[in-house]
Number of protein chains: 2
Amino acid sequence: MNSGVRFRPVGVVSSRFREPSDLPPPAFAPPRFFERSTGEIEVFSGYAAGLDGLEGFSHIIVLFHFHRAGESKLKVVPPGELKPRGVFATRSPHRPNPLGLSVLRLLGRKGRILRVSGLDLIDGTPVLDIKPYTVRDRKSHIRTGWLQRGRGSR
Amino acid sequence: MNSGVRFRPVGVVSSRFREPSDLPPPAFAPPRFFERSTGEIEVFSGYAAGLDGLEGFSHIIVLFHFHRAGESKLKVVPPGELKPRGVFATRSPHRPNPLGLSVLRLLGRKGRILRVSGLDLIDGTPVLDIKPYTVRDRKSHIRTGWLQRGRGSR
C-alpha cells in the first residue's frame with residue numbers, strides 16, 4: 001500500500017498569536033477580527049525564486065502543517081456546537097493528516113518576506129506550500145451545511 | 001532543523017482522466033469544461049466516519065498528492081506563456097512539496113463515496129485531506145497577476 005509522502009517546510013509564519021489558545025474560533029471572533037490580523041510569511045532562501053510573480057495576486061492560499069494539533073480524531077465537536085461532526089466536515093486541526101489551509105490577503109512582498117492579512121495562524125507555523133488564489137477558487141453560490149445554522153454562519 | 005511531516009492518503013480519486021496529458025490546462029479548456037467534469041472520491045473505510053455532515057456543503061476543498069508530478073522546479077513556464085514564473089505564483093504540479101488543491105462541487109455522498117464535479121484530477125490521485133468550503137474561502141475582489149493578462153484570465 002501507499003506509505004505516504006514526506007513534505008518539508010518551505011517557510012514559516014510570523015504572527016502575534018503565540019499559542020493555539022490565542023486564536024479565537026472564527027465563529028466567535030469579533031466582526032473583521034481576522035481581516036485586521038496581519039503578519040508575515042518568511043520563505044526560506046532556497047525557495048525564494050519560487051515567489052517571482054506572486055506579488056501581482058491580491059490573495060494567496062497557504063498550506064501549512066498544524067504542528068500543534070496533537071491527537072487526530074474522526075469526530076470533533078466544533079466550538080460552540082453540541083453535536084460531533086465528521087472531521088472532514090470541519091476545519092479542525094485534529095485531522096488524519098494535520099494539513100491546514102488559509103486564504104490570506106497579500107499586502108506586499110519584500111524579497112522572500114510576504115506581508116499578509118487575514119492571518120489565523122500561530123507563530124512558527126511551518127508553511128508547506130503557497131499558491132495564487134484564482135477565479136476557479138471563488139464559488140459564488142455556496143451552501144455551508146451545519147455552519148449555516150446559528151453562530152457558525154458568520 | 002525540521003525534517004518535515006509524512007502524510008498518508010485517506011482516499012483516492014476516480015476520474016475519466018487517465019494520464020496528466022488527458023487534462024487540458026484550465027486556460028485552454030473549452031468554457032465550462034471542468035464544471036461538466038464529474039467523478040468520485042473514495043474515502044478509505046478507516047476514515048469514513050470523518051465524512052459525517054459533509055453532505056450539507058455544496059463545495060469541498062480537496063488536498064491531494066501530485067503523485068505524477070515528477071521533478072520539482074522553482075521556475076515554470078505556464079501553458080501558453082513565454083515567461084517563466086515562480087512556481088508559488090502558479091498552480092503547476094512541479095512544486096517543492098507536490099501538494100495540490102482543487103475546489104470541487106459536491107453532488108452527493110453515498111457512504112464513503114463522494115460524487116463531485118469540477119474534477120481536474122487524474123484517476124488514482126491520492127487524496128490527503130477534504131475540507132468544507134466556507135465563506136472565509138470566498139474572496140469577492142481579487143487580482144490575479146499574470147493570469148489576468150491574455151488567455152490565463154478565463
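The values are calculated or read from the model by the stated rules, or taken from the named source; none is laboratory data. The model shown is predicted, which means the values in this text are computed figures rather than measured ones. Glycine gets a Cβ as well: all are built from the backbone with ideal geometry, and neighbour counts include every protein chain shown. For accessibility, only protein heavy atoms count, side chains too; no ligands or nucleic acids. Shrake-Rupley method; radii C 1.70, N 1.55, O 1.52, S 1.80 Å.
Hey, residue A:105 hits all of (1) of a type in the set (Lys, Arg); (2) at the interface with another protein chain (Cβ under 10 Å from one of its Cβ atoms); (3) farther than 28 Å from residue B:7 by Cα but one; which does it fall short on?
All conditions are met except number (3).
Touching a Ser or Thr at 6+ places or on another chain (Cβ under 9 Å) and under 19 Å from residue B:138 (Cα atoms): which single residue out of A:94, A:141, A:67 fits that description? Outline the logic, then answer.
On the way: A:94 fails: under 19 Å from residue B:138 (Cα atoms); A:67 fails: under 19 Å from residue B:138 (Cα atoms).
Answer to the selection: A:141.
Would you please name the residue that is nearest to the other protein chains (Cβ to nearest Cβ), looking only at residues in segment B:8-44 that are under 27 Å from residue B:108 (Cβ atoms) and aromatic (Phe, Trp, Tyr)?
B:34
Could you check, for segment B:127-138, whether at least one of its residues is more than 7 Å from every other protein chain (Cβ to nearest Cβ) and modelled with pLDDT of 95 or more?
yes
Can you tell me which residues in segment B:55-86 are over 16 Å from residue B:102 (Cα atoms) and among the hydrophobic types (A, V, I, L, M, F, W, C)?
B:74, B:76, B:77, B:82
Tally up the residues in segment B:6-35 that are in contact with a strand residue (DSSP E or B) (Cβ under 9 Å, 6 or more places away or on another chain) and open to solvent by less than 70 Å² (accessible area, probe 1.4 Å), please. Outline the logic, then answer.
Step one: list which residues in segment B:6-35 are in contact with a strand residue (DSSP E or B) (Cβ under 9 Å, 6 or more places away or on another chain), which gives B:6-17, B:34-35.
Among the residues that remain, those that are also open to solvent by less than 70 Å² (accessible area, probe 1.4 Å) are: B:7, B:9-15, B:17, B:34.
Selection size over segment B:6-35: 10.
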